[in-house]
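The values are calculated or read from the model by the stated rules, or taken from the named source; none is laboratory data. This structure is a prediction, so every number in the text was calculated from the model and none was measured. Every residue, glycine among them, receives a Cβ derived from its backbone with ideal geometry; neighbour counts consider all protein chains shown. Quick note on the areas: whole protein, heavy atoms, side chains included, nothing else; ligands and nucleic acids left out. Shrake-Rupley method; radii C 1.70, N 1.55, O 1.52, S 1.80 Å.
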Amino acid sequence: MENKLEFTEKQRFTQWWLWLLLSAVMIYTIYNFIEDRQYFSPLELAISILIPILVIILFLVIRLETKIDEQGISVRFFPFQITFRYYPWRNIKKAYVRKYSPLTEYGGWGMR
């Protein structure tokens with residue numbers, strides 16, 4: 001029996017404050033659509049509804065996927081990267097696990 005070591009991870013936007021903010025924008029947009037309909041053209045109203053919907057769909061779909069195995073590391077930031085970007089171990093000088101502070105060390109979260 002072969003012992004194959006592999007690690008996979010999928011990260012998504014699950015922060016409650018982000019979804020609260022997106023929901024507030026959508027509610028405000030719908031409120032303006034209902035209340036101020038007579039002041040805007042149908043095209044302006046359609047765009048004002050469409051943009052927040054597209055942003056919400058983007059945040060639902062977007063994800064960072066990481067795969068680590070015996071050959072190397074593969075990552076993709078879907079939907080901006082359709083295929084995985086592969087980094088073989090021979091090209092990686094050093095890799096280790098450590099705790100870090102994203103805000104103070106890197107200025108925030110994300111792929112570096």
Exercise. Can you run down the residue pairs with Cβ atoms below 8 Å, 6 or more apart or on separate chains, where the first is in the range 37-66 and assigned to a helix (DSSP H, G or I) and the partner is not hydrophobic (A, V, I, L, M, F, W, C)?
Key: L45/R37; S48/T29; S48/N32; I49/T29; P52/T29; L58/P79; V61/P79
Quiz prompt | Any hit, the range 35-54, residues being touching a Lys or Arg at 6+ places or on another chain (Cβ under 9 Å) and under 20 Å from T14 (Cα atoms) | solution = no
Self-check item: Hits in the range 89-112 - residues which are open to solvent by less than 100 Å² (accessible area, probe 1.4 Å) and either in contact with a Leu (Cβ under 9 Å, 6 or more places away or on another chain) or at pLDDT 95 or above (or both)
Solution: G110, M111
Exercise. Output the residue which, of all residues in the range 71-104 that are in a loop (DSSP other than H, G, I, E, B) and in contact with a strand residue (DSSP E or B) (Cβ under 9 Å, 6 or more places away or on another chain), is nearest to F7 (Cα to Cα).
Key: Q71
Quiz item: When the range 57-70 is examined, which residues are found to be loosely packed, with under 13 Cβ neighbours inside 10 Å and either in contact with a strand residue (DSSP E or B) (Cβ under 9 Å, 6 or more places away or on another chain) or at positive phi (or both)?
Solution: V61, E70
Quiz item: Just one of the numbered conditions (1) among the aliphatic types (A, V, I, L, M); (2) exposed (fewer than 10 other Cβ atoms within 10 Å of the Cβ); (3) over 30 Å from V97 (Cα atoms) is not true of A24; which one?
Solution: (2)
Quiz item: Considering the range 2-34 alone, what residues qualify as being modelled with pLDDT under 85 and closer than 22 Å to V75 by Cα?
Solution: K4, L5
